[in-house]
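A short write-up of the structure that comes next.
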Amino acid sequence: MPDCIFCKIIAGQIPAKIVYEDPVVLAFHDLQPQAPVHLLIVPKQHLDRVSDLDETTALLAGQLVATGNRLARELGIAQSGYRLVINCNSDGGQSVYHLHLHLLGGRPMHWPPG
Ligand code: DGP
């Protein structure tokens, strides 16, 4: 998607602090971190939002979560705990319309998030 900021990061057209890449997903530091650990895990395939997942793409959700789990272990926050978040559309707090999973950790999280 030509105007998608995360597609541009995936294509290497704009910089990001990339921490993990495989043929399906890319993980990088959030530009506006909300916690000591705040990574974004995105599928390389462009989907606007989580509600666009269907039977042909649903496995991507598992790959995002599995990558988040592995990165949490590698970053040493698996034991203390972490949060995996996917925002959907405006009321859900989504601001970038390329499906992404937030990995947040390194401090206690509050609930409800507000
Ligand atoms: P969301 O609100 O769920 O759509 O989260 C989008 C996140 O993306 C938000 O926490 C800020 C982050 N973000 C926006 N633009 C950029 C960027 O150009 N680079 C990086 N690394 N993160 C970005």
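Just so you know, all these numbers are worked out from the coordinates, no wet-lab data involved. Computed from a prediction, not measured in an experiment: that's the story for all the values here. Every residue, glycine as well, gets a Cβ built from its backbone with ideal geometry; the counts of neighbours run over all protein chains shown.
Scanning for something more than 22 Å from residue 9 (Cα to Cα) and touching a residue at least 24 places away in the same chain (Cβ under 8 Å), does the range 84-100 turn up at least one residue? First the steps, then the outcome.
Just the residues of the range 84-100 that are more than 22 Å from residue 9 (Cα to Cα), to begin with: 90-92.
Filter again for touching a residue at least 24 places away in the same chain (Cβ under 8 Å), leaving none.
Among the residues of the range 84-100, not one is more than 22 Å from residue 9 (Cα to Cα) and touching a residue at least 24 places away in the same chain (Cβ under 8 Å), which makes the answer no.
Conditions (1) surrounded by 17 or more Cβ atoms within 10 Å (Cβ to Cβ); (2) more than 15 Å from the ligand (Cβ to nearest atom), marked per residue:
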{"residue": "51", "(1), (2)": "no, no"}
{"residue": "56", "(1), (2)": "no, yes"}
{"residue": "76", "(1), (2)": "no, yes"}
{"residue": "81", "(1), (2)": "no, yes"}
{"residue": "90", "(1), (2)": "no, no"}
{"residue": "96", "(1), (2)": "no, no"}
{"residue": "104", "(1), (2)": "yes, no"}
{"residue": "113", "(1), (2)": "no, no"}
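Looking only at the range 2-24, which residues are in contact with a strand residue (DSSP E or B) (Cβ under 8 Å, 6 or more places away or on another chain), assigned to a loop (DSSP other than H, G, I, E, B) and charged (D, E, K, R)?
Our first condition is that a residue be in contact with a strand residue (DSSP E or B) (Cβ under 8 Å, 6 or more places away or on another chain); within the range 2-24, this holds for 6, 9-10, 16-21, 24.
Now restrict to residues that are assigned to a loop (DSSP other than H, G, I, E, B): 16-17, 24.
17 - this is the single residue of the range 2-24 that is in contact with a strand residue (DSSP E or B) (Cβ under 8 Å, 6 or more places away or on another chain), assigned to a loop (DSSP other than H, G, I, E, B) and charged (D, E, K, R).
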